[in-house]
Amino acid sequence: MKNDFFGFCIPLARFIYITPDKTTQNVYRWRNKLWAVFIYGLAIFCHLTEIIKLFQIVTAKYFLLGEFIRNFVITSLHFTSLGKAMFIGGKTGKKAFEKILDFEKHVYRNIGDDIRLIYKNKVTSIQKVKIYYLIGIILVVIFYVAEPIHIQDGNQTIQFRQVPLSSWSPFEQYYWLTFIWTGLTGIYLSIFFVTTDLICYSFIDFGVCQLEILQYNIRNFNRDCEEITRVEKCCKIKSARVLQKKLIRMHQDVISYVQMINEGMKNLMVLDFLPGSVQLAGMIYQMMTNLSVIQCILLGQFICSLIARVFIYSNSANNLSQLSKQLAVDWFEIDWTELPKDVTNNLNFCIMRSQKNLQITVGDLSVITMESFLTILKGTYSYLMLLMTI
């Protein structure tokens, strides 16, 4: 399975079994299902070790706020990633996955060079974002493994050996076995975290890609009418009706796609956006209260990655919303002078529908825009001030 839009996400998605399974033979299908159960069972077990460690931190004789924040942030992120994996591997996610795969095949085989160029430009831009994000997460994993093995909490004299991931280990009396166990656990869960984030981002940005192609077609409505008239040897009025019908179907297809993925993702966006301010504030607090150079580099890199992922989601959803609303202007700017009354009436309906922009929402609470990103940053400052008073 190869797809330019998903790019390197495909092998990662296949590893955690969230790609559509098109196996026809029952033997291989059952083998894949059993392996998927093992993959997800192992991921859930790894996540449970983080929750157990969180409980141990809370009930310990000496409560270490820094260690609690470290565990809470990572555990909440991994919990969200497992939820996203269930969504992508579910009915709605697989339908969106297959739609993107089929759309790319259609673009490369049956559509003109101008549309193909728009698609390739979009693929190039989205792949750059994915590569930068992947590099950022890889650096976070490396810094977590490389951080000092001894830390001190504030001005207390309590010291303990640090491991790559704050999770329970059956080998806690043996430091290096615990170090390897937590390191492998962190890497394994990071694969889920990165893959599901990038695929959900791809789902949103695919809607933007469809809108850009639709916008190009609308802006070239008159040119395409003339082309249909020349090829089909029909009058311009008939060609306008044919083309308008085609564009309306494209618009309806985009609307149904965005509504489908929003219905599946909106509850997951609650887990991403509502705790976002707390997660950022906790990591910034740790960086401000830690004198270790390596840990400051680690935390700084992690904070940048957290900010980047929120910005990527907010920017993509904002582009989707703004571009869908811009279609009303594009419909209006078509040359109406030679169009029949039924076509102009349909254009009025198209303009009215485009004024209701497409949205990705945080549950049923709010619409994701760039204001959502700024709200999280403002909330981060408020929570940080609260932590500084503790």
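Just so it is clear, none of the values below were taken in a lab; they were calculated from the coordinates. Small disclaimer: the values here were computed from a predicted structure and weren't measured. With ideal geometry, Cβ positions are generated from the backbone for all residues, glycine too; neighbour counts draw on all protein chains shown.
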Practice task
Identify, among 48, 268, 8, the residue whose Cα sits farthest towards the positive end of the charge dipole of the chain, taking +1 on the Cβ of Lys and Arg and -1 on the Cβ of Asp and Glu, with the dipole about the Cα centre.
Solution key: 8
Exercise for the section: Pop a pseudo-label 7 angstrom from the Cα along the beta-carbon direction at both residue 61 and residue 14 and give the gap in nm to one decimal. Expected result: 5.3 nm
Fill in the blank from the handout: Rounded to 0.05, the calculated FRET efficiency for the beta carbons of residue 341 and residue 132 at R₀ = 45 Å is 0.30
Exercise for the section: Hey, can you grab everything whose amide H is under 5 Å from the amide H of residue 361? Only 5+ residues off in sequence or another chain; H modelled, so Pro and N-termini drop out. Expected result: 368
Practice task
Starting at the first residue of the stretch 124-130, write each ³J(HN,Hα) from the Karplus equation 6.51 cos²θ - 1.76 cosθ + 1.60 with θ = phi - 60°, in whole Hz, x for Gly and Pro.
Solution key: 4, 5, 6, 5, 4, 4, 5
Fill in the blank from the handout: Dividing the helical contributions, -39500 (n - 2.57) per DSSP H run of n ≥ 4, by the residues of the chain yields a 222 nm value, nearest 500 deg cm²/dmol, of -27500 deg cm²/dmol
Problem - the chain: angle of helix 65-89 to the longest principal axis, Cα-based, in degrees nearest 10 - result: 40 degrees
Practice task
Note down the net charge around residue 363, summing +1 for each Lys or Arg and -1 for each Asp or Glu among other residues with Cβ under 13 Å from its Cβ.
Solution key: -2
Completion exercise
Expected sort for 321-330, 43-52 on mean C-beta neighbours within 10 Å, highest first, is 321-330, 43-52
Fill in the blank from the handout: The extension gain from residue 106 to residue 120, computed as 0.36 nm times the residue separation minus the Cα-Cα distance, is 3.7 nm
Handout entry: Gain on full stretching of the segment that runs from residue 2 to residue 297 - 0.36 nm per residue minus C-alpha separation
Key = 102.6 nm
Practice task
Run down the aspartates and glutamates and flag those whose C-alpha is under 20 Å from the C-alpha of residue 99, throwing out any fewer than 8 positions away in its chain.
Solution key: 4, 21, 197, 205, 212, 253, 263
Handout entry: Under 16 Å from the Cα of residue 236 - aspartates and glutamates, other chains or at least 8 residues apart
Key = 224, 226, 227, 335, 338, 342
Completion exercise
The alpha-carbon center of the stretch 90-149 and that of the stretch 271-314 are separated, in whole Å, by 24 Å
Practice task
Specify the angular offset, from 0 to 90 degrees and rounded to the nearest 10, of the alpha carbon long axis of helix 370-388 from the longest principal axis of the alpha carbons in the chain.
Solution key: 10 degrees
Exercise for the section: Give the share of C-alpha pairs in each 5 angstrom bin for the stretch 260-390, from 0 to the last occupied bin, in whole percents, shortest bins first. Expected result: 2, 10, 15, 15, 13, 11, 9, 8, 6, 4, 3, 3, 2, 1, 0
Handout entry: Violating pairs (Cα-Cα greater than 28 angstrom) within the set 120/378; 2/91; 130/266
Key = 120/378
Handout entry: Karplus-derived 3J(HN,Hα), 6.51/-1.76/1.60, for each residue of the stretch 41-53, Hz, glycine and proline x
Key = x, 5, 5, 5, 4, 4, 5, 5, 5, 5, 5, 4, 5
Completion exercise
For residue 168, the residues 5 or more places away or on another chain with a placed amide H closer than 5 Å to its own amide H are 50, 52, 53
Problem - Cβ charges +1 (Lys, Arg) and -1 (Asp, Glu), total dipole of the chain, debye - result: 1020 debye
Handout entry: Zone residues, the stretch 200-239, relative to residue 95, backbone N less than 16 Å from point 7 Å out along Cα-to-Cβ
Key = 203-204, 207
Exercise for the section: Mind putting a number on the dipole of the stretch 183-318 about its Cα centre? Charges go on the C-beta only, +1 for Lys and Arg and -1 for Asp and Glu, and I need it in Debye to the nearest 20. Expected result: 760 debye
Fill in the blank from the handout: Taking 0.36 nm per residue of separation between residue 389 and residue 366 and subtracting their Cα-Cα distance, the length gained on full extension comes to 5.2 nm
Fill in the blank from the handout: With residue 328 itself left out, Lys, Arg at +1 and Asp, Glu at -1 over residues whose Cβ is under 12 Å from its Cβ give +1
Completion exercise
For the chain, the longest principal axis of the Cα atoms and the Cα long axis of helix 293-332 enclose an angle in degrees, to the nearest 10, of 20 degrees
Fill in the blank from the handout: With x for Gly and Pro, the residue-by-residue ³J(HN,Hα) of the stretch 215-231, computed from phi through the Karplus equation 6.51 cos²θ - 1.76 cosθ + 1.60 at θ = phi - 60° and given in whole Hz, is 4, 4, 5, 5, 5, 10, 4, 5, 5, 5, 4, 5, 5, 5, 4, 6, 6
Exercise for the section: Go ahead and run the numbers for FRET between residue 374 and residue 234, Cβ-Cβ distance against an R0 of 56 Å, rounding to 0.05. Expected result: 0.60
